[in-house]
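The values are calculated or read from the model by the stated rules, or taken from the named source; none is laboratory data. Model, not experiment: these values are computed from the prediction. No Cβ is skipped: glycine too gets one built from the backbone with ideal geometry, and neighbour counts run over all protein chains shown. Side chains included, ligands, DNA and RNA excluded: accessible areas come from the protein's heavy atoms. Shrake-Rupley method; radii C 1.70, N 1.55, O 1.52, S 1.80 Å.
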Amino acid sequence: MAPLEFKHSEALTIGVELELQLVNTSDFNLAPDADDLLRRAAGDWHAGELKPELTQSMIEINSGVHERYETLLAELRTTRDRLASHARQMNVAIAGGGTHPFQKWRDRKIYPTERFLTVSKKYGFLAKQFTVFGQHVHIGCASADDAIYLNHALIRYLPHFIALAASSPFYQGVDTAFDSSRLSIVNTFPLAGTMPFVADWRAFNQYFQTMYEFGIVKSMKDFYWDVRPKPEFGTVEIRVCDTPLTVDRAAQIAAYAQALSRWLWAERVDWVNPELYLVHSYNRFQAARHGLAGTLVDHATRTPIGIAEDIQHTLRELFPHAVDLASTNALEAVLAIARGEGNDAAWLRKTFAEKTTLPDVVREQAARWMQ
Amino acid sequence: MPDFLPTWPPVTNSFTLFGLLLLAGLIGGWIAARTRVLPSITGYIAIGFILGPGVLGLLNEEALRDTRIFADISLGLVVFELGRRLDLQWARHDRWLLPSGLAESLLSFCAMFALLRYFDIAPLEAAVAATVGVATAPAVVLLVAAELKAEGPVTRRALWHVALNNIIAMLGVTLLLPFIEVGDAGSAWSPTGRALWLVAGSFLLGYAAFWVARLLARFIGKSDAPQFILVVGMIVLTVGVAQMGRLSVLLALLVFGVAARNFDPNHRLIDIRFGHAARLFFVVLFVLTGATLRPEQFGPIAWIGLALVLVRLLGKAFALYLFAWPARISAQQAATLSLALTPMAGLAIGITQPIYDVAPDFGARLAAIVASGIAILHVIGPIATRYALVASGEGEQDARD
């Protein structure tokens, strides 16, 4: 096999993928209406892409490539309004959130494309259990080696993304005690985890070739890593976020990733070493379990620090970059979350406490997404 | 013979009958399921037909009357559930939904009316029969959908249309009531007064049931079990009160269901799925329905019935195709939707009850006109709905709940 080619893209451009839930409006369980929604929307689609996902109650929207947060936000809002209008005509609702709070995975139907049917055959029950909803953020990289550096450096900050986007406290009808229960479901796949600690793109290509020769992978798509290079797009893709409850928050998180990447490239930090990966699973668990209240271990200073506090420290470094990127509004919003406004998981738990049933929670979360 | 022993031959009662109907239905359903193309309902109906007066005569008229209460309860559950599917907001967002529902009812009415006139049926009788024919059997569509675990755009739309065409048929029959000559059973009250009482009273009863249920729900909270008991209790009570007040069970429970869906801003009444408990009543309902069939309905006169069934289907299909483009429904969806609406509610559901009350003779003539059509639809209706929901990709061929 020829070595992977890393396509050039404009550094610091951003784009997002959002997996969304389709729910019915009677008992607010998942509704298998992806096909009908895609058919109705096919005629009026301009920017980005609208795609089916693994099971029939999921759809995925891919934004276009953006240099600025504001234009990304505007595009996502337009997409949301259009989808919401189609959904209303179909008498279904669309919701954000990393999991559907009470659907039963055995009731899911695999979306019948060749790839999804292969995945279903390969992974058995894991495929249907994978009816979870994530946000992926792409950051454009000028070179392949820049991508490898960024990929490693971002590992340190993945708990931030997990905690900020967490929106899956409920799963299969119970409060999991996790802010992001979705992340544990991703873990069950054999090729989940992280990229190995490779020095540069050449070394990464060697690793990929070896895995290819083993017959374990056929393409980069087979790696379900928390963050991975995406050579076809020339990006690094952060994959740990739950789909937030609003497109606004999705755009804010993308803006945070953009400013963070700019800072990491500007600083060329000296702490990118294999120790990053020693603390990663622990930090990841803390963020998924406790959200912003979790504690991460900073491998460089060898000290624990609260995730909310660490986000605030980081934001101080990022604000000057946000001024250049015209994304200070977004970072202000991220700061507010870290300072006590709380993430979407907190909002979902509060809504459940008020409304007392999970169908009511879904009703509210759909209303929030569709605005 | 000692007096502590039972009499000989033993006398059956409602319990033995209910149990036997269930077990007979179970066997019929099992046989139907083995075919992989027939819905269980067809099995229930077939076994009822065989046991009924038409064939073996094991279920006689008296036995049928004894078990009528179970059928009424199951109809109450079905109609309430159907009302809950009538989301008025949907008609606001999809402005072609209501017009296509009205057109589907109107065109199938016109088609059936024209056919009956062609066969020299008197205008009034033809109009009433065609109005009755507008309604799709709610129990059949709901049950087949549940059995196939069908969900999606066609199923959702089908249930909306069923709810609407039942309301239209019910109101239509009531509107025609004043034109029907009062027979022996008619009271001193004018037919207009009776129609008004029927519609207004049933609406009020349904809304009152909703209001009381909502009030009680406020105290019991949103747990599944108490809400289940609350809703079933209110439904059975409403069935009873409607019968006591000579109101329409159908209309009252539809109103109850529609109100529960649309006029409960705080969502105090949760969406209860009746599940296995309701299944018990449905089995009995369809076995009894089967027992009302007579072999002669499938004889030489059946071709009028068959023609009625066909023009009805064509009327519905034409209307749905007509609105498919503006309503953004695909041609395949329109086709499966039309087919899913095939089962005809007929006489069992009580649409015609007020006619029997006012003019029994007219009711009997009406029954004769539509009976063979209904009989035929009892056979092909559930199969058509099953086929439609599987073909739409929304029902699972091998799903057995």
Extension gain from A:E232 to A:V269, taking 0.36 nm per residue of separation minus the Cα-Cα distance: 10.7 nm
Am I reading the A/B interface right? What is its buried accessible area, both sides, 1.4 Å probe, to the nearest 100 Å²? 1900
Applying the Karplus parametrisation 6.51 cos²θ - 1.76 cosθ + 1.60 with θ = phi - 60° to the phi angles of the range B:275-287, what ³J(HN,Hα) value in whole Hz is obtained for each residue in order, glycine and proline being reported as x? x, 5, 4, 6, 4, 3, 6, 5, 4, 4, 4, 7, 5
At least 30 Å² of accessible area lost relative to the chain alone, listed for the range B:136-159 with a 1.4 Å probe: B:E151, B:P153, B:R156
Report the full-extension gain for the segment B:Q332 to B:Y118: residue separation times 0.36 nm, less the Cα-Cα distance, to one decimal in nm. 73.8 nm
From DSSP H assignment alone, runs of 4+ in chain B each adding -39500 (n - 2.57), the sum over residues rounded to the nearest 500 puts [θ] at 222 nm at -23500 deg cm²/dmol
Non-local residues with an amide H under 5 Å from the amide H of A:K230, with H modelled 1.01 Å from N and Pro and chain starts lacking one, are A:T235, A:V236, A:E237
Sequence-distant residues sharing a close amide H with A:A192 (under 5 Å, placed H): A:Y224
Debye, to nearest 20: dipole size of the protein assembly as shown, +1 on Lys, Arg Cβ, -1 on Asp, Glu Cβ: 860
Residue list for the range B:262-298, given a label point 7 angstrom along the Cα-to-Cβ vector of B:T35 and an amide N cut-off under 12 Å: none
Computed ³J(HN,Hα) along the range A:171-185: with the Karplus parameters 6.51/-1.76/1.60, θ = phi - 60°, integer Hz and x for glycine or proline, the list is 8, 6, x, 10, 7, 7, 6, 8, 6, 10, 6, 4, 4, 5, 6
What's the local net charge at B:L254, with K and R +1, D and E -1, over the other residues with C-beta under 12 Å away? +2
Return the distance in nm (one decimal) between the two label points of a simple spin-label model at A:Y212 and A:V297, each offset 7 Å from Cα along Cα→Cβ. 3.7
By Kyte-Doolittle mean hydropathy of at least -1.0 and Cα axial length of at least 15 Å, which whole DSSP H helices of chain A are selected? A:69-90, A:144-155, A:201-214, A:247-267, A:275-290, A:307-325, A:344-355, A:358-370
Hey, can you rank B:67-77, B:6-16, A:324-334, B:218-228 by average C-beta count inside 10 Å, highest first? B:67-77, A:324-334, B:218-228, B:6-16
Could you estimate the translational diffusion coefficient of chain B from the Stokes-Einstein equation, with Rh from the Kirkwood formula over C-alpha pairs, at 25 °C and 0.890 mPa s, in whole µm²/s? 114
Given a Förster distance of 35 Å, the FRET efficiency implied by the Cβ-Cβ spacing of A:A142 and A:L117, rounded to the nearest 0.05, works out to 0.40
Nothing charged except the Cβ atoms of Lys and Arg (+1) and of Asp and Glu (-1): what's the magnitude of the dipole of chain B about its Cα centre? Round to the nearest 20 debye. 1020
Averaged over all viewing directions, the convex hull of the alpha carbons in the protein assembly as shown casts a projected area in nm² of 39.7
Any idea how far apart A:K51 and A:S85 come out in nm if each label point goes 7 Å out from Cα toward Cβ? 2.5
Starting from the Cα gyration tensor of chain A, take the square roots of the eigenvalues, sort them a ≥ b ≥ c, and report rounded, prolate or oblate (rounded when a/c is under 1.5, otherwise prolate if a/b is larger than b/c, else oblate). rounded
For B:11-18, what's the mean count of beta carbons from other chains sitting within 10 Å of each residue's beta carbon? 0
Mean-square fluctuation maximum in Gaussian network of chain A, Cα pairs under 10 Å, restricted to A:Q89, A:Q129, A:Q312, hits A:Q89
With a 1.4 Å probe and all protein chains left in place, how much of the accessible area of the protein assembly as shown comes from carbon and sulfur atoms, in whole percent? 62
Please list 3J(HN,Hα) in residue order for the range B:158-163, calculated via the Karplus relation 6.51 cos²θ - 1.76 cosθ + 1.60 where θ = phi - 60°; whole Hz, with x for glycine and proline. 4, 5, 5, 5, 4, 4
For chain A, set up a GNM with springs between Cα atoms under 10 Å and report which of A:E17, A:E232, A:E67 has the largest fluctuation. A:E232
Quick calc: nm separation of the 7 Å Cα→Cβ label points for B:H276 and B:F219 -> 3.1
